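Comments concern the structure below.
The values are calculated or read from the model by the stated rules, or taken from the named source; none is laboratory data. Here the structure is a predicted model, which means the values were calculated and not measured. Here the Cβ positions follow ideal geometry from the backbone for every residue, glycine too, while neighbour counts run over all protein chains shown.
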Amino acid sequence: MASTSLENVEDKEQEDPIRCIFFAEFHHIAGPKITCQVPDNYISKDIFDNVSVYIIPKAQLQRSTITITLKDYKILGFPVKIDDKKYARNAFYFNLCFVCDANARTVHYEPVVKKMSDFLMALEVENCFLSASDDKTRLAEMLAQVMQDLNLHKMCTLTEGTMTSHLKVVRLAPEPKPVLDHQVPIFLEDRDTFQNDQWDLTTQQVLPYIDGFNHVARIAAEADVENNLVKSCVQNLVYYGVVTLIPIFQYSNVYAVTPKLRKLPDDIKLQERCIAYASKLARQPAHFRDIYRMYSSMTYGVSMKDLCQRLNPQNLRINERRLVQFGLIEGLIRRVYNYPVLLPGASCSEEAKNNPIYKYFTGTYSLDEICCSTGQSAAQIEDIIERDPNVLMIWK
Amino acid sequence: MGIHPLSIILVKSDSKGDRLLFRYPHMTNHVRDLNQYTKRKNPYSLTNTEDLLQSLPFPTSNISNGNLTGLTDEVLSTLFAVKPELCEQKFELKVNDVRFVGHPTLVLSRGLKEVNSSMLFNIVFALQAQASHSIVKCYYDLSKRLGIALRHEEKRCGFLTDEIKIMVSTHDEIAGRSEGESDCDESPYELILQRSSLARGLKSVFSNLSSSGIVNIIINKWIQVRFCLPQKVHQSHKKGLLIDPEIIDRCLNSLRPYHGILLLTEPLDLLESLQIDCSPALKRLIQMYNPLKSLQTLAADSDLTLAQVFQLAGHLVYWAKATIIYPLCESNVYVVSPDAILTNQLLDSFSEHFPGVCLLQVINDFSLPTSISQKLNPLSQPQQQTQLVKIIIWLLKNHLLLQLHTYVRYIPTDIQDQETRDTNAMEGSESIWSLNETPKGTPTEIKEELSLTDKEDTLYDYQSEDYDIPSNDRKLLDKLCRLGYFDGDYHLEEIMYLENIRRSQLLQLLDKFRDVLMTSECEDAAIALFYSRLGT
């Protein structure tokens, strides 16, 4: 699953390339020194001497990831110590370091440095790969290969003798928020272009039902998969940027425009995509000004129903559901939710006490959420709210 | 989110070597370390010392319960006593999941015996590793400021040397004591806190950062160091939103003379809290302050230049004393802010300010975009009006309301579409334009002119040839389009301000040319930066 990543994400990662990889060790006479570096002399001796205390640190900091930021460089290392009587000081200290630009993010390289250090450590323990001779040409080849492959392909396979190690840089994204019942997953990339078979079995079962209109609870029911499993599947897909979550589409929904809409008339590419996405028929694309008018008319107090009655998108060759989808994905519009609130201290009627729905009227649940958890339609709940003057509907 | 510091550490390095002088919060590390080592998953399991690769007892986290652990004083002091080449610049070191940031400062020691010896000290903040670049930068700035202040005090009266002497002697005293007597588990840091004013100062820095985000200490009763951690200060009214200095800068860059400020505290309280040596301009500005005034009016009233008022406003916003609004006026349209969370605390605070009024009901009235003039009843009493204005100010202060502006975008009728309509119009003998109440141009003329224009490049640029109505309105439209006001980036208030025209004139224009002028209601981007769900 981890092998899926979007192109644009990779583009972003390319911004923080590894500039240099060096191997430093503690020489029993000369002290800390760089014994192998690719490209050669990227980190000069003076600079190394300034920071050697962080590269070959005290025993307490062994096997910690240590990153030191200098004016021009960021050096990421993982100091390792091998205890053995055969070494000059009864121990062999080394550190494999990646060097990046000072303002780069290096957190995603940490596991790689650690794994590669462990690989080198294993080689050293097996056949004294690092300490046997002063000739480091093989190590230099290895470092050059790692740097090139990681910068180009984000992965690298190292083979030395009988041992192999696979290195991969994994993008770190913030943990996606928990998925809720009433949210609708929608694909961000073209569905046909990605391979179904690289996902796990549950995801494969869920994927066909992700169409941009079904909400999570419905997908769970239709795919016959347990609700929480669907949620974690969708959350996983969100993490990898395959899908995003949008609110469910209803004609009673209210949307408001965001400042981003102002960019739409100037961004020709976005416009073309918008027209292609929101047109009813590909052969007869909708006019941009009609699309723009639809979007700009969205505001507080105007539901999709009102908008459709006023502008009649079907005649304008616009598919209003896809229009809304596009606007939400691109952030041109946002949903205005309604939250029923029971006035505090209001004398509760008999119905309020008996009806379990009242416990949702706290102002923290939107109508969508209430519908989903109680299984009642929006119209039914609106009816209850309409009848009780103590319940207010706040739109935000 | 990592805005709170884990620890503050003071390290010195001179001819006698490096030493960790003070750290806060401090705790007895020994007890914890013992716990860590004795904790094994299975009490019967053997620790396999042979297997070098698998069983490595080194911790991967140096944070437990929000405290820095696993790093002894000696380790930290060697890490922070940097080489002279790295002094007087940013020091940033990440060990596992802790990020240390500081500004190593060099001072010439005033010691009488050694004349030319220099001493290095480093005030280091330990943060969580996920702290963002801008948070790290703010802490670096604080460390630098403290460093500069201490260096000055050292030069003036040897303050630092004296304080270091106190701390070192206390360390030695405790170390010596624990060898002789067995009953002293006392931490040297407790004693140092009692004896050293610098240590107390550092402690108050730490606790201020964790509680309010505003640091205000006077070092050696002489030099004042004031610092504000914007990410913390601006969080007091909103959870989950980090206001970085970059966001504030972006807001200030888009500040216009027609914007106003809204003080988040009472003007009198603010005046009292100001320093004695604060700028008289700031005092004057606060005295003249009124949420109904624009920055331009404020500048005129307080007799300051506009640039100065901008800077003062920026200052107030940075310190979370004020927020940017559009000055209150009758035509302002407000709606409930999307991130408004009505907590019980807010409800109580509201009913305290406005007894007898229910916040929920007030908020409910703004579920639909509502202007102040709509809320005002011509029959209502003057005090009701002032009450309404007060309520709106309170809501704005708590970011419960959002102001909507009307943006205008000029989009000409589609050329293709127009042609078909034109042909239709000719066949149907009725001009399409008459339907649109914009007569006097014959369809054929329009068609001819259109065919001359370059369709590709200027599809959405304004072409005055489209309309042939020799009226004042057309001239105004022509002018405003040419000036780019209808590119969607200007709201009505801004156009009114820049072109000095009346709202009614603009509304009339919008109505007449509603075919090509599309309006949308949206928040002002500069102000929206302070709302969590709207930013970026």
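Answer with yes or no whether B:LEU298 is away from every other protein chain (no Cβ under 14 Å) and over 22 Å from B:HIS259 (Cα atoms). For B:LEU298, the condition - away from every other protein chain (no Cβ under 14 Å) and over 22 Å from B:HIS259 (Cα atoms) - is not met. For the stretch B:199-223, a residue qualifies if it is in contact (Cβ under 8 Å) with a residue 60 or more places away in the chain, within 19 Å of B:GLY158 (Cβ to Cβ) and outside any strand (DSSP E or B), and the qualifying residues are B:ALA199, B:LEU202, B:ASN220, B:TRP222. In the stretch A:83-97, is there at least one residue being part of a helix (DSSP H, G or I), hydrophobic (A, V, I, L, M, F, W, C) and more than 11 Å from chain B (Cβ to nearest Cβ)? Scanning the stretch A:83-97 turns up no residue that is part of a helix (DSSP H, G or I), hydrophobic (A, V, I, L, M, F, W, C) and more than 11 Å from chain B (Cβ to nearest Cβ). For the stretch A:290-318, filtered to residues that are assigned to a loop (DSSP other than H, G, I, E, B) and within 14 Å of chain B (Cβ to nearest Cβ), the residue that is nearest to A:PRO265 (Cα to Cα) is A:MET298. Show the residue pairs that are 6+ apart or on different chains and have beta-carbon atoms under 9 Å apart, the first residue being within the stretch B:481-501 and closer than 13 Å to B:TYR326 by Cα and assigned by the TED database to the domain that holds B:VAL516, the second being of a type outside the set (D, E, K, R) and part of a helix (DSSP H, G or I). Note: pairs meeting the criteria are B:LEU492/B:LEU506; B:LEU492/B:LEU507; B:LEU492/B:LEU510; B:TYR497/B:GLN296. Of all residues in the stretch A:108-121, those that are assigned to a helix (DSSP H, G or I) have Cβ atoms under 8 Å from Cβ atoms of residues that are among the charged types (D, E, K, R), 6 or more apart or on another chain, in A:HIS108/A:GLU13; A:HIS108/A:ARG171; A:VAL112/A:LYS168. The number of residues in the stretch B:68-89 that are more than 7 Å from chain A (Cβ to nearest Cβ) and either surrounded by fewer than 21 Cβ atoms within 10 Å (Cβ to Cβ) or hydroxyl-bearing (Ser, Thr, Tyr) (or both) comes to 8.
Within the set A:LEU180, A:LEU172, A:LEU270, the sole residue that is touching a residue at least 12 places away in the same chain (Cβ under 8 Å) and in a helix (DSSP H, G or I) turns out to be A:LEU270.
So in the stretch B:333-347, with the set limited to residues that are modelled with pLDDT under 90 and over 23 Å from the mean Cα position of the chain (by Cα), which one is farthest from the other protein chains (Cβ to nearest Cβ)?
Within the stretch B:333-347, the subset modelled with pLDDT under 90 is B:337-347.
Restricting the remaining residues to those that are over 23 Å from the mean Cα position of the chain (by Cα) gives B:344-345, B:347.
Values: B:ASN344: 8, B:GLN345: 13, B:LEU347: 7 Å.
Of everything passing the filter in the stretch B:333-347, B:GLN345 is farthest from the other protein chains (Cβ to nearest Cβ).
Restricted to the stretch A:168-205, and to residues that are of a type in the set (A, V, I, L, M) and at pLDDT 85 or above, which residue is farthest from A:VAL242 (Cα to Cα)? I'd like the intermediate steps shown before the answer.
Initial filter on the stretch A:168-205 (of a type in the set (A, V, I, L, M)): A:169-170, A:172-173, A:179-180, A:184, A:186, A:188, A:201.
Of the ones still in play, those that are also at pLDDT 85 or above are A:169, A:179-180, A:184, A:186, A:188, A:201.
Working: A:VAL169: 19, A:VAL179: 15, A:LEU180: 17, A:VAL184: 13, A:ILE186: 8, A:LEU188: 6, A:LEU201: 17 Å.
Restricting to residues being of a type in the set (A, V, I, L, M) and at pLDDT 85 or above, the top hit is A:VAL169.
Would you please name the residue that is nearest to the other protein chains (Cβ to nearest Cβ), looking only at residues in the stretch B:96-119 that are buried (at least 19 other Cβ atoms within 10 Å of the Cβ), modelled with pLDDT under 90 and in contact with a Leu (Cβ under 8 Å, 6 or more places away or on another chain)? Within the stretch B:96-119, the match that is nearest to the other protein chains (Cβ to nearest Cβ) is B:MET119.
Tell me the residue from A:LEU150, A:LEU139, A:LEU143, A:LEU120 that is under 30 Å from B:ALA131 (Cα atoms) and surrounded by 15 or more Cβ atoms within 10 Å (Cβ to Cβ), please.
Working: A:LEU139 fails: under 30 Å from B:ALA131 (Cα atoms); A:LEU143 fails: under 30 Å from B:ALA131 (Cα atoms); A:LEU120 fails: under 30 Å from B:ALA131 (Cα atoms).
Exactly one residue qualifies, and that residue is A:LEU150.
Filtered by the rule that a residue be exposed (fewer than 15 other Cβ atoms within 10 Å of the Cβ) and in contact with an Asp or Glu (Cβ under 9 Å, 6 or more places away or on another chain), the stretch B:254-278 gives a lone residue, B:SER254.
Residue count for the stretch B:48-67 under the criterion of being modelled with pLDDT under 55 and more than 13 Å from chain A (Cβ to nearest Cβ): the result is 1. Within the stretch B:120-157, being of a type in the set (D, E, K, R), surrounded by fewer than 23 Cβ atoms within 10 Å (Cβ to Cβ) and over 25 Å from the mean Cα position of the chain (by Cα) holds for B:ARG151, B:GLU153, B:LYS155, B:ARG156.
Please give the helices (runs of 4 or more DSSP H) falling wholly within the stretch B:224-296 in which 1 or more residues are of a type in the set (Asp, Glu).
Once the helices (runs of 4 or more DSSP H) in the stretch B:224-296 are filtered for at least 1 residues that are of a type in the set (Asp, Glu), what remains is B:245-253, B:267-273.
For the stretch A:106-117, the candidate set comprises residues that are in contact with a strand residue (DSSP E or B) (Cβ under 9 Å, 6 or more places away or on another chain) and farther than 11 Å from A:THR65 by Cβ; within that set, the residue that is surrounded by the fewest Cβ atoms within 10 Å (Cβ to Cβ) is A:LYS115. Count of the stretch A:30-80 residues, restricted to those that are in contact (Cβ under 8 Å) with a residue 40 or more places away in the chain, farther than 17 Å from B:ALA81 by Cβ and not in a strand (DSSP E or B), is 3.
What number of residues in the stretch A:273-289 are assigned to a helix (DSSP H, G or I) and buried (at least 16 other Cβ atoms within 10 Å of the Cβ)? Give the derivation first.
First, the residues of the stretch A:273-289 that are assigned to a helix (DSSP H, G or I): A:273-278, A:288-289.
Filter once more, so that each one left must be buried (at least 16 other Cβ atoms within 10 Å of the Cβ): A:274-275, A:277-278, A:288-289.
The total comes to 6.
Give the stretch B:348-364 a look and list any residue that's buried (at least 16 other Cβ atoms within 10 Å of the Cβ) and facing chain A (nearest Cβ under 10 Å), or say none. Once the filter is applied, which keeps residues that are buried (at least 16 other Cβ atoms within 10 Å of the Cβ) and facing chain A (nearest Cβ under 10 Å), the stretch B:348-364 yields B:CYS358, B:LEU359, B:LEU360, B:ILE363, B:ASN364.
Keeping to the stretch A:109-146, report how many residues are within 13 Å of chain B (Cβ to nearest Cβ) and under 24 Å from the mean Cα position of the chain (by Cα).
Start the filter on the stretch A:109-146 by keeping residues that are within 13 Å of chain B (Cβ to nearest Cβ), which leaves A:109-111, A:113-115, A:117-126.
When the remaining residues are screened for being under 24 Å from the mean Cα position of the chain (by Cα), the result is A:109-111, A:113-115.
Final tally of qualifying residues: 6.
In contact with a strand residue (DSSP E or B) (Cβ under 8 Å, 6 or more places away or on another chain) and surrounded by fewer than 21 Cβ atoms within 10 Å (Cβ to Cβ): is that true of A:ARG63 in this structure?
yes
How about the stretch B:477-491: which of its residues are more than 14 Å from chain A (Cβ to nearest Cβ) and either among the acidic types (Asp, Glu) or touching a strand residue (DSSP E or B) at 6+ places or on another chain (Cβ under 6 Å) (or both)? Passing the criteria: only B:ASP478.
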